[in-house]
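A.B. asks: Here it is, the structure, as structure tokens.
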Amino acid sequence: MRQENINKLEKILGAGNCQIDPDIRRQHSCSKTALPDAVVYPESSQQVAEVLKLAGEEGIPVVPWGAGTMACRGLLPLAGGLLINLTRMNKIIEYDYENMTAYVEAGIPLGELQKTLRTHNLYWPVEPVEPDTCTVGGCIAAGASGPSKLGYGDVKFHILGLEVVLPTGEIIHTGGKTVKNVQDYDNTRFLAGSWGALGIITKAMLKLRPVPEKETTVFLPFKQLKEAIAAARIIRNDTLPVALELLDGAAMAVLARAGWKADGKGPGVLVAYNGFREQVDTQVDYVKKQFPAATILEGEAAAAAWQARRQLFPVFAGASGAILASVAVPFTAMEEFLTRARDELKQSRKGAALAAHFGNGHVHIFLDEAPGAYAGVQETINRLATLAGDLGGLLVVDNIDDLTLTRRWVEARGKAVMELLSRLKAAFDPQRIMAPNSKVLAYVIDNSRAVS
């Protein structure tokens, strides 16, 4: 980036809010070598708009960034360009107890927001894997919902409106404070989950819920994976939990290393209930009658179990890293996929663990190979992808640069879909500056600048 443009950014933001230090740039990258040219820290939506207007005029690629907890799952390495860190836009603008809404800036940490909301007996029912550090804007942009998606649905269900700065520098507002607020296309939910490829979310109107009267976690140990799957199916169908996690024996061993050691050495099922006291007690009693070995966890014990679950992949990956694949299959195909996938991984002799958001038909596969060694497990991944496809689902690899599998699923929907996505990108971003490294659209546009 030319020094002239650095000077212009400093004039917009102030010298301290425009950083070119290599260490700071390295902290905001999905690669050790492909770094942004500069990292900027706007403090208002107007500053974001001015930065994007400048970037558009100069043809500078721009990537939005929250806490970075999900970044490398949705972004490819980008050499050069400008990274916009939104963490200094972290205010609660309005907190409306009666309407059960909060209007917040995108950079506020979710953990900090939840702590404030709970003092008023309300909370935002979105709990991604990194709830303490991730930002609200990052959750929305990444569509991150976490285990509680089973009970509360996608993050898109819990936003009423957005303020978004378009790549042209224009500021738009979608939705509002009311539940019924769409007379045109549902732009709020269309922009959520777009990974910054269409614009930068700067503010969000959140739909809140009362804090449940009671919250209880139940853990069930098993000796065999099939036993755990059968139990999880019964629990999901008969008790409607908020979260239902199934972990194979390898994942349970990692859970112990992450700080929570459960009874037994085989697979386990972790279940969360919340609601009115009588309702939760009835659900838990039902599980105890069906599965006498179940352990009831509340308070700090429950918090420790879920904290270890959140640390599952980082602990598995360690310092050398690991490959993370995500699979979605119909719920009725979960048993077949999990059992056949476990057999496939055993035959391949690859170190691996399975952790499933069971009720949603979503499985995480952890492979004990660094992302840079993807070629060594590609054959295994391809077989698992074929298995998922045969069962009516799909598999993608979250933390590698290869988009082959993602492209396969999109292209299977027809050539017209690819063309439509490209036209949508061009309509929002005529200069093609906005997150050219976003995996959401990188496979339908010219992404030669995106991959290092």
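The values are calculated or read from the model by the stated rules, or taken from the named source; none is laboratory data. Predicted model only: the values in this text are computed from it and were never measured. Note that we place each Cβ from the backbone using ideal geometry, even for glycine, and neighbour counts take in every protein chain shown. These area figures cover heavy atoms from the full protein model, side chains too; ligands, DNA and RNA do not enter into them. Shrake-Rupley method; radii C 1.70, N 1.55, O 1.52, S 1.80 Å.
A.B. asks: Please report, to one decimal in angstroms, the Kirkwood hydrodynamic radius of the stretch 257-401 built from all distinct Cα-Cα pairs.
C.D. replies: 16.9 Å
A.B. asks: Excluding residues fewer than 8 places away in the same chain, name every one of the aspartates and glutamates whose C-alpha is closer than 14 Å to that of residue 288.
C.D. replies: Correct list for residue 288: 238.
A.B. asks: Take the Cα pairs of the chain, get the Kirkwood Rh, then feed it into Stokes-Einstein at 37 °C and 0.692 mPa s and tell me D in µm²/s.
C.D. replies: Estimated diffusion coefficient is 143 µm²/s.
A.B. asks: A further question follows. Given C-alpha coordinates of the stretch 194-265, what is the ratio Rg to Rh with the Kirkwood estimate of Rh?
C.D. replies: That ratio equals 1.14.
A.B. asks: What's the angle, to the nearest 10 degrees (0 to 90), between helix 277-290's Cα axis and the longest principal axis of the chain?
C.D. replies: Between helix and principal axis, roughly 50 degrees.
A.B. asks: Of the heavy-atom accessible surface of the stretch 308-401 (probe 1.4 angstrom), what whole percent is carbon and sulfur?
C.D. replies: Whole-percent figure for carbon plus sulfur exposure: 47.
A.B. asks: What whole-number value in Å² describes the accessible area per residue of the stretch 300-422 for a 1.4 Å probe?
C.D. replies: 44 Å²
A.B. asks: Let me ask something additional. If you stretched the chain out fully between residue 112 and residue 348, how much longer would it get, using 0.36 nm times the residue separation minus the C-alpha to C-alpha distance?
C.D. replies: 80.6 nm
A.B. asks: Still on this structure, I have one more. Report residue 140's accessible area, 1.4 Å probe, all protein chains in place, as a number in Å² to the nearest 10.
C.D. replies: So the heavy atoms of residue 140 present about 0 Å² to solvent.
A.B. asks: To the nearest µm²/s, what D does Stokes-Einstein give for the stretch 170-293 at 20 °C and 1.002 mPa s, using the Kirkwood radius over alpha carbon pairs as Rh?
C.D. replies: Using the Kirkwood radius from Cα pairs, D works out to 120 µm²/s.
A.B. asks: Just name one of 78, 52, 18: the one whose Cα is farthest towards the positive end of the charge dipole of the chain (beta-carbon charges, Lys/Arg +1, Asp/Glu -1).
C.D. replies: The listed residue farthest towards the positive side: 78.
A.B. asks: Suppose R0 equals 30 Å. What FRET efficiency, 1/(1 + (r/R0)^6) with r the Cβ-Cβ distance, do residue 121 and residue 186 give to the nearest 0.05?
C.D. replies: 0.50
A.B. asks: Give the residues of the stretch 47-70 whose amide nitrogen is closer than 14 Å to a point set 7 Å from the Cα of residue 27 in the direction of its Cβ.
C.D. replies: 66-69
A.B. asks: Now for a separate question. Distance from the Cα centre of the stretch 298-341 to that of the stretch 233-269, in angstrom?
C.D. replies: Cα centres, the stretch 298-341 to the stretch 233-269: 9 Å.
A.B. asks: Hey, another quick one. Just the projected area, averaged over all directions, of the convex hull on the alpha carbon atoms of the stretch 2-138: how many nm²?
C.D. replies: Taking the Cα atoms of the stretch 2-138, their convex hull projects to 9.0 nm² on average.
A.B. asks: Beta carbons within 10 angstrom, averaged per residue: use that to sort the peptides 331-340, 146-155, highest first.
C.D. replies: Taking the mean over residues of other Cβ atoms within 10 Å, the ranking is 146-155, 331-340.
A.B. asks: Could you point to the residue in 366, 348, 303 farthest towards the positive end of the stretch 262-369's charge dipole, with +1 and -1 charges on the Cβ of Lys/Arg and Asp/Glu respectively?
C.D. replies: Comparing the listed Cα positions along the dipole, 348 ranks first.
A.B. asks: Turning to a different aspect of this structure: With a 4.7 Å Cβ cut-off, tell me which Cys residues in the chain come up empty for a partner.
C.D. replies: 18, 134, 139
A.B. asks: How far is helix 225-239 tilted, in degrees, relative to the longest principal axis of the Cα atoms in the chain, given as a value from 0 to 90 rounded to the nearest 10?
C.D. replies: Tilt relative to the chain: about 80 degrees.
A.B. asks: While we're on this one: Would the stretch 315-357 count as rounded, prolate or oblate if I go by the C-alpha gyration tensor, calling it rounded below 1.5 in a/c and otherwise prolate when a/b exceeds b/c, oblate otherwise?
C.D. replies: Oblate is the answer for the stretch 315-357, as a/c is 1.5 or above yet b/c matches or exceeds a/b.
A.B. asks: Roughly how far apart, in whole Å, are the Cα centres of the stretch 10-36 and the stretch 164-220?
C.D. replies: So the separation of the two Cα centres works out to 28 Å.
A.B. asks: Round to the nearest 0.05 the FRET efficiency obtained for residue 328 and residue 7 when R0 = 56 Å and r is the Cβ-Cβ distance.
C.D. replies: 0.75
A.B. asks: Now for a separate question. Around residue 186, under 12 Å between beta carbons, what's the net of Lys plus Arg minus Asp minus Glu among the other residues?
C.D. replies: It works out to a net charge of +2.
A.B. asks: So what J values fall out for the stretch 47-63 if you push phi through Karplus, 6.51 cos²θ - 1.76 cosθ + 1.60 with θ = phi - 60°, rounded to Hz, Gly and Pro as x?
C.D. replies: 5, 4, 4, 5, 5, 5, 4, 4, 4, x, 5, 9, x, 8, x, 10, 10
A.B. asks: When the expected Rg is taken as 2.2 N^0.38 Å, what fraction or multiple of it is the alpha-carbon Rg of the stretch 246-332?
C.D. replies: 1.25
A.B. asks: From the phi of every residue in the stretch 124-130, what ³J(HN,Hα) in whole Hz does the Karplus formula 6.51 cos²θ - 1.76 cosθ + 1.60 yield, where θ is phi - 60° and glycine or proline is x?
C.D. replies: The phi angles translate into 9, x, 10, 9, x, 5, 10 Hz.
A.B. asks: Okay, moving on. When the Karplus curve 6.51 cos²θ - 1.76 cosθ + 1.60 is applied with θ = phi - 60°, which whole-Hz ³J(HN,Hα) does each residue of the stretch 332-339 get, with x for Gly and Pro?
C.D. replies: Karplus-based 3J(HN,Hα) across the stretch 332-339 equals 5, 9, 4, 4, 5, 5, 4, 5 Hz.
A.B. asks: Tell me the net charge near residue 95. Cut-off is 15 Å between Cβ atoms, residue 95 excluded, with +1 for each Lys or Arg and -1 for each Asp or Glu.
C.D. replies: Once all neighbours under 15 Å are counted, the net charge is +2.
A.B. asks: Out of the DSSP beta bridges found with both residues in the chain, what percent are antiparallel (nearest 5)?
C.D. replies: 90 percent
A.B. asks: Could you order 195, 65 so the one with the most accessible surface comes first? Probe is 1.4 Å.
C.D. replies: Result, largest first: 195, 65.
A.B. asks: Near residue 376, within a Cβ-to-Cβ distance under 11 Å, what is the net charge of the other residues, with Lys and Arg +1 and Asp and Glu -1?
C.D. replies: Net local charge, residue 376 excluded: -2.
A.B. asks: Long-range amide H contacts for residue 438: which residues qualify at under 5 Å (H placed 1.01 Å from N, peptide plane, sequence gap of 5 or more or a different chain)?
C.D. replies: For residue 438, whose amide H was placed from the backbone, the distant partners under 5 Å are 76.
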